[in-house]
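First up is the structure itself, then whatever we jot down about it.
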Amino acid sequence: MNPSSCATHGEVATLYVEHHGWLQGWLRRRLGNSCDAADLAQDTFVRILRARDVGAIQTPRAYLTTVAKGVLVNWYRRQALEQAYLEALALLPEPEAPSPEQRALVLETLNEIDAMLDALPPLVRRTFLLSQLDGMKYEDIAQQLGVSLSSVKRYMAQAFRQCLALTA
């Protein structure tokens, strides 16, 4: 480990010691749940550890709040995705319902797909969804979106590269 990352780890440790309790309380008030608040506080600090030089942060609580809000949005989205999946499963006859292990794998995959789609630029994502979910032809997508056929092909290539990166 190089010296600069040691300093970063030390700075994150200081930030953690000084503000973790406050952040966890902030999250607990929003979630009404101490366990999820503790998990999301940890996720926030992990994201900070990966993201930037903590020493440059001028207002730690404002920065923590901003990062935690992003973590919270992702958490709510995962919860909504899981709830929709569980509701769809409830409609299946008992013999067709997947095992708990299969459910966990499907939920993990759905979350990865959701994150991949979210990482795409809006026009690329829209193109991909029109093609893959609606079954539209590239020419029809180009017409609907008001872009050239070559743009649709380029958008699809970009989306497929992102899909391949997800499987790697």
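Which residue, LEU91, TYR63, SER131, has the largest displacement toward the positive end of the dipole of the chain when charges sit on each Cβ (Lys, Arg +1; Asp, Glu -1)?
With unit charges placed on the Cβ atoms, the residue in question is TYR63.
Tell me, what % of the accessible area of the stretch 26-86 is carbon and sulfur with a 1.4 angstrom probe?
The C+S portion of the solvent-accessible surface of the stretch 26-86 is 51 percent.
Return a whole-number percent for the relative contact order of the chain, with Cα pairs under 8 Å and 6 or more residues apart as the contact set.
15
Apply the Karplus parameterisation 6.51 cos²θ - 1.76 cosθ + 1.60, with θ equal to phi minus 60°, to every residue of the stretch 33-38 and state each ³J(HN,Hα) to the nearest whole Hz, in sequence, with x for glycine and proline.
Each residue's phi maps through the Karplus curve to give 8, 5, 5, 5, 4, 5 Hz.
Return the FRET efficiency for the residue pair VAL147, ARG78: r is the Cβ-Cβ distance, R0 is 35 Å, and the value is rounded to the nearest 0.05. Display every interim value, and only then the final one.
On the way: r = 32 Å, r/R0 = 0.90.
Once the sixth-power term is evaluated, E becomes 0.65.
At 1.4 Å probe size, what's the solvent-accessible area of ASP39? Round to the nearest 10 Å².
In the full protein context, ASP39 sits at about 90 Å².
Mind pulling the per residue volume of the convex hull built on the Cα atoms of the chain? Å³ is fine.
Convex hull of Cα atoms, per residue: 192 Å³.
Along the charge dipole of the stretch 25-131, pointing to its positive end and built from +1/-1 on Cβ of Lys, Arg, Asp and Glu, which listed residue (SER34, VAL54, LEU110) has its Cα farthest out?
Going by the charge dipole, the pick is VAL54.
How many Å² of accessible area per residue for the stretch 100-168, probe 1.4 Å? Each step should come with its number before you reach the end.
On the way: 4460 Å² over 69 residues.
Per residue, the stretch 100-168 has 65 Å² of solvent-accessible surface.
For the pair GLN132/LEU110, report the inter-label distance in nm, with labels modelled 7 Å from Cα in the Cβ direction.
My value for the distance between the label points is 1.6 nm.
Please get the size of the charge dipole for the chain, origin at its Cα centre, with Cβ charges of +1 on Lys and Arg and -1 on Asp and Glu, quoted in debye to the nearest 20.
680
Rounded, prolate or oblate: which one fits the stretch 70-145, using the alpha carbon gyration tensor with axes a ≥ b ≥ c (rounded when a/c is under 1.5, else prolate when a/b beats b/c, else oblate)? Intermediate results must be reported in sequence, preceding the final value.
Details: a/c = 2.98, a/b = 1.56, b/c = 1.92.
Because a/c hits 1.5 or more and a/b fails to exceed b/c, the stretch 70-145 counts as oblate.
Restrict the search to the stretch 19-119; then list the GluC sites (Glu not before Pro) that DSSP places in a loop and that have at most 12 other Cβ atoms within 10 Å of their Cβ.
none
Along the stretch 87-97, what does the Karplus equation 6.51 cos²θ - 1.76 cosθ + 1.60 (θ = phi - 60°) give for ³J(HN,Hα), rounded to whole Hz, x for Gly and Pro?
5, 5, 5, 5, 7, 7, x, 3, x, 8, 5
Report SER34's accessible area, 1.4 Å probe, all protein chains in place, as a number in Å² to the nearest 10.
Number for this one is 60 Å².
The values are calculated or read from the model by the stated rules, or taken from the named source; none is laboratory data. Computed from a predicted structure; not experimentally measured. So basically every Cβ, Gly included, is an ideal-geometry build from the backbone, and we count neighbours across all protein chains shown. Calculation scope for accessible area: heavy atoms of the full protein, side chains included, ligands and nucleic acids excluded. Shrake-Rupley method; radii C 1.70, N 1.55, O 1.52, S 1.80 Å.
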